[in-house]
Amino acid sequence: MISHLRLKAFGKINLALDVLGRKPDGYHEVRMIMQTVGLHDRIDLYRTAEPGIRLETNLFYLPSNEQNLAYRAAALLFDEFGIEEGLSIRLRKFIPVSAGMAGGSTDAASVLYGVNRMFGLGLTTSQLMERGVKLGADIPYCIMRGTALSEGIGEKLTRLPSMPQCQVLIAKPGISVSTKTVYEMLDARTLRPEDHPDIDGMVEAIRKRDLYEVAGRFGNVLELVTAGRYPVIGQIEELMKEHGAINAMMSGSGPTVFGLFSNPSSARKAYEALRYGEGIDLAKQVYLTNFYNMNQGAAGRLR
Ligand code: ATP
């Protein structure tokens, strides 16, 4: 019997993000290139004799009830399978919150995986994904991990070859951006054909495993909205490029910016510039990480 599970819930960045339109039900149809990064939250699951689900987090401003996606993920399986024992969830957040890195979704994905294992529910990965999408469009991808093309509302996933390894510098400015508002502002705009990133071209570049071509094809249609409103996003991108980033772009609906570096010492210098140097006022949270690939052996498995 499993009484304790320790899990890592990895964040994602978007190497490309296109929005095709808004569906009558309000969801947006997207085409996105998703990439898991090493930056992760830590989740401990403890089986308890006392029934019910409890959650504690290290961030006072995050909900610890059913408003928290990690809690909701556990509750979904507890209700469906009539689990009568209890579960205590300890969540330590490191992925920036409301940042375009799918932090809540990846926590939910890990809890679905963990509860399935801990209570021997016998669900397959695709059965976990079917349940995950009910809680959030990015959750199936967070269960899958790696490099993937995400279509539909985010639930149609195609695995892509792993990217060549490089340094990924992540910087979140001290502003909060509501995903809902960003999409509403996008709906109000008329997009020109050249505003849309070439997702098929990006897929080809990834299949060639050409890091420079991938970086050259970065594009995020939501950046028109978020970076237009917050110049700090462009300023962080510029700083990263001045310090040798192959390219830099906003992830998801923002405001997090990431830059790819093939030279570790340039990445370190850019990190230091944002942490302690001329960029100190641009970003509130800065992390140096790398791609999390599925070909990393045991480390690539969900755990
Ligand atoms: P996405 O990239 O999917 O748009 P995001 O990075 O913009 O996600 P999250 O950090 O996942 O945003 O969460 C944003 C909101 O969800 C916050 O308002 C937060 O209170 C709520 N939330 C609920 N559960 C969690 C969780 N486990 N971690 C982070 N935020 C959570």
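Read-outs throughout are calculated quantities, based only on the coordinates presented, and are distinct from any laboratory measurement. For clarity, every value in this text was computed on a predicted model and none was experimentally measured. Cβ: placed from backbone, ideal geometry, glycine included. Neighbour counts: every protein chain shown.
Sort Thr158, Thr190, Thr289 by Cβ crowding within 10 Å, fewest neighbours at the top.
Least to most surrounded, the residues fall as Thr190, Thr158, Thr289.
Hey, got the dipole for region 4-161? About the Cα centre, +1 on K and R Cβ, -1 on D and E Cβ, debye to the nearest 20?
That gives a dipole near 500 debye.
Any idea how far apart Asp200 and Arg42 come out in nm if each label point goes 7 Å out from Cα toward Cβ?
Result for the modelled spin labels: 4.7 nm.
What distance in nm separates the two pseudo spin-label positions at Leu224 and Arg92, each 7 Å out from Cα along the beta-carbon direction?
4.2
Can you pull out the trypsin sites (Lys or Arg not before Pro) in region 68-156 that DSSP calls coil and that have at most 11 other Cβ atoms within 10 Å?
Passing both the DSSP loop test and the Cβ count: Lys134.
Using only helices, what value at 222 nm comes out for the chain when you add -39,500 (n - 2.57) per DSSP H run of length 4 or more and divide by the total residues, to the nearest 500 deg cm²/dmol?
Only helices count here, giving -9500 deg cm²/dmol.
Apply the a/c threshold of 1.5 to the C-alpha gyration tensor of region 4-161 and tell me whether it is rounded, prolate or oblate. It would help to have the intermediate numbers written out before the result.
On the way: a/c = 1.83, a/b = 1.58, b/c = 1.16.
Note, shape of region 4-161 comes out prolate.
For the cross-link pairs Lys23/Lys208; Lys8/Lys269; Lys134/Lys241, which exceed 31 Å when the distance is taken from alpha carbon to alpha carbon?
The pairs that break the limit, which is 31 Å between Cα atoms, are Lys23/Lys208; Lys134/Lys241.
What's the extension gain from Ile175 to His4 if we count 0.36 nm per residue and subtract their Cα-Cα distance?
Working: separation 171, 0.36 × 171 = 61.56 nm, distance 3.64 nm.
Additional length available on full extension: 57.9 nm.
For the residue pair Asp25 and Lys241, what label-to-label distance in nm results when each label sits 7 Å from Cα along the Cα-to-beta-carbon direction?
So the label points at Asp25 and Lys241 sit 3.9 nm apart.
When every alpha-carbon pair in region 155-303 is counted, what percent end up more than 19 Å apart?
57
How would you rank Ile13, Ile199, Ile236, going from fewest to most other Cβ atoms within 10 Å of each one's own Cβ?
Lowest count first: Ile199, Ile13, Ile236.
By how many degrees, between 0 and 90 and to the nearest 10, does the Cα long axis of helix 264-275 differ from the longest principal axis of the chain?
So the inclination is approximately 80 degrees.
Give the distance, in whole Å, between the Cα centre of region 14-37 and the Cα centre of region 201-239.
14
Do any trypsin sites (Lys or Arg not before Pro) in region 224-298 lie in a loop, going by DSSP, with at most 15 other beta-carbon atoms within 10 Å of their beta carbon, and if so which?
Filter output for region 224-298: Lys284.
Considering only Thr256, Thr57, Thr36, give the residue with the highest GNM mean-square fluctuation for the chain, with springs between Cα atoms whenever their separation is below 10 Å.
Checking each option, the largest mean-square fluctuation is seen for Thr57.
Taking the Cα atoms only, what angle lies between the long axis of helix 103-118 and the longest principal axis of the chain, rounded to 10 degrees?
Tilt relative to the chain: about 30 degrees.
Expressed as a whole number of Å, what is the distance separating the alpha-carbon centroids of region 266-282 and region 100-174?
If you average the Cα positions of each part, the centres end up 30 Å apart.
What's the exposure ranking of Ser253, Ser262, going from fewest to most Cβ atoms within 10 Å?
Ranking Ser253, Ser262 by Cβ neighbours within 10 Å, fewest first, gives Ser262, Ser253.
When the Cα atoms of the chain are enclosed in a convex hull and the volume is divided per residue, what value in Å³ results?
Details: hull volume 39.0 nm³, N = 303.
Output value, Cα hull per residue: 129 Å³.
Rounded to the nearest 10 degrees, what's the angle between the helix 231-242 long axis and the longest principal axis of the chain, both from Cα atoms, 0 to 90?
Roughly 70 degrees, rounded to the nearest 10.
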